[in-house]
Amino acid sequence: MRNKILAANWKMNLTASEAHDWLVKFNETDSDKCKIEFRLYAPNVFLSDLVKSRSLHIGAQNVHPSDFGAFTGEVSIPQLVSVGAQSVLIGHSERRTDFHETDAFLKEKVNACCNHALPFIFCCGESLEIREKGKHLSFVRAQITTAILHLSHTDLSLLTIAYEPIWAIGTGQTATNDQINEVHAFIREVLRESFGVDGANVSILYGGSVNPSNAQSIFACPDVDGGLIGGASLNASDFLELASSF
Ligand code: PEP
């Protein structure tokens, strides 16, 4: 049974008072909050306050693989867990591109999450250049092979995948349903080959310019189990409206 997840990624947006207002609106808005799991990946400075509200699953957008040490500006899993974070994003394309995070480094983060039994969303996806060369499937397979396929079946229960083609993130250019489902079905097959039915049951989210007007057709794709939402998550009503698209 695959979990349906709708995850907001605020990135480096919103101030403390705006974050507070978002939460008030999220809590007031009438929506079927049982149908799917809502998650919020917020900037670290807001995590402890957001966790206190207990209204939705709160996670971090990034983590360092070491438990402690001389890594100025970074945050560790024990620190995130100590303020109540429930999961973390690993390998968002902005981390890969802007901060040069390699698949090998992301594997260290994955292993650290497994050592601490912290759930994580592993993000993958190709650039436009790779897609235009027709190499998107082998590229995504390589990302998953390096960082994920060594996991044990127990660790696998911590994993959610987010497929986010880089050319669709924050650009307003959404992948077509055929493009999305092709990659989601492919990832599911890669996981099934290595982990059998447990692999096939991993939830795979789509991310890339999802908004209230395109969400319904994207979430109707058979291998899409939810979304990782950037821009459209900054407004609590828009984010909640996406839930009615399932
Ligand atoms: C993201 O940040 O993961 C994302 C998918 O952003 P957007 O929805 O703005 O494309």
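Only the coordinates and a few stated rules stand behind these numbers; no lab work does. Quick caveat, the model's predicted, so the values are computed rather than measured. Positions of Cβ are generated from backbone atoms using ideal geometry, with glycine treated the same way; all protein chains shown enter the neighbour counts.
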Relative contact order (percent, whole number), the chain, Cα cutoff 8 Å, 6+ residue spacing
22
With 10 Å bins from zero, work out the P(r) of the chain over every alpha carbon pair and list the percent per bin.
7, 34, 38, 19, 2
If you take the Cα Rg of the stretch 21-82 and divide it by 2.2 N^0.38 Å, with N the number of residues, what do you get?
1.34
I need the helices of the chain that pass two filters: whole DSSP H segments spanning 20 Å or more by Cα along the axis, and mean Kyte-Doolittle score no lower than -1.0.
177-195
Here the gain from full extension of H57 to V83, 0.36 nm per residue of separation minus their alpha-carbon distance, amounts to 8.1 nm
Relative to the Cα centre, what is the charge dipole magnitude of the chain, using +1 at the beta carbon of each Lys and Arg, -1 at the beta carbon of each Asp and Glu, and rounding to the nearest 20 debye?
260
Separation of alpha-carbon centers, the stretch 188-246 and the stretch 78-97, rounded to whole Å
19
Once the Cβ-Cβ distance between T176 and S213 is put in as r, and R0 is 22 Å, what FRET efficiency do you end up with, to the nearest 0.05?
0.90
Where a label projected 7 Å from the Cα of A70 along Cα→Cβ would reach, residues of the stretch 101-122 with amide N under 15 Å:
none
One finds, for T29 and V197 with R0 = 30 angstrom and r their Cβ-Cβ distance, a FRET efficiency to the nearest 0.05 of 0.25
For n ≥ 4 DSSP H runs only, could you compute -39500 (n - 2.57) per run for the chain, divide by its residues and tell me the 222 nm figure to the nearest 500?
-11500 deg cm²/dmol
For the stretch 95-223, with equal point scatterers placed on the C-alpha atoms only and solvent neglected, what are the log10 I(q)/I(0) values from the Debye formula at q = 0.12, 0.14 1/Å, to two decimals?
-0.45, -0.61
Per 10 Å bin, what is the whole-percent P(r) computed from every C-alpha pair distance within the stretch 71-152?
17, 47, 27, 9, 1
Work out how far the C-alpha atoms of the stretch 134-199 reach from end to end along every principal axis, then list the three figures in whole Å, largest first.
37, 20, 19
Using only C-alpha positions, report the orientation-averaged shadow area of the convex hull of the stretch 1-140, nm², one decimal.
10.5
When you count, for each residue, the other Cβ atoms within 10 Å and take the mean per peptide, how do 124-133, 64-73 rank with the highest first?
124-133, 64-73
Stretch gain in nm, segment A16-T154, where the contour uses 0.36 nm per residue and the Cα spacing is subtracted:
46.0 nm
Pick out, from S157, F186, I130, the residue whose Cα sits farthest towards the positive end of the charge dipole of the chain, with +1 on the Cβ of Lys and Arg and -1 on the Cβ of Asp and Glu.
S157
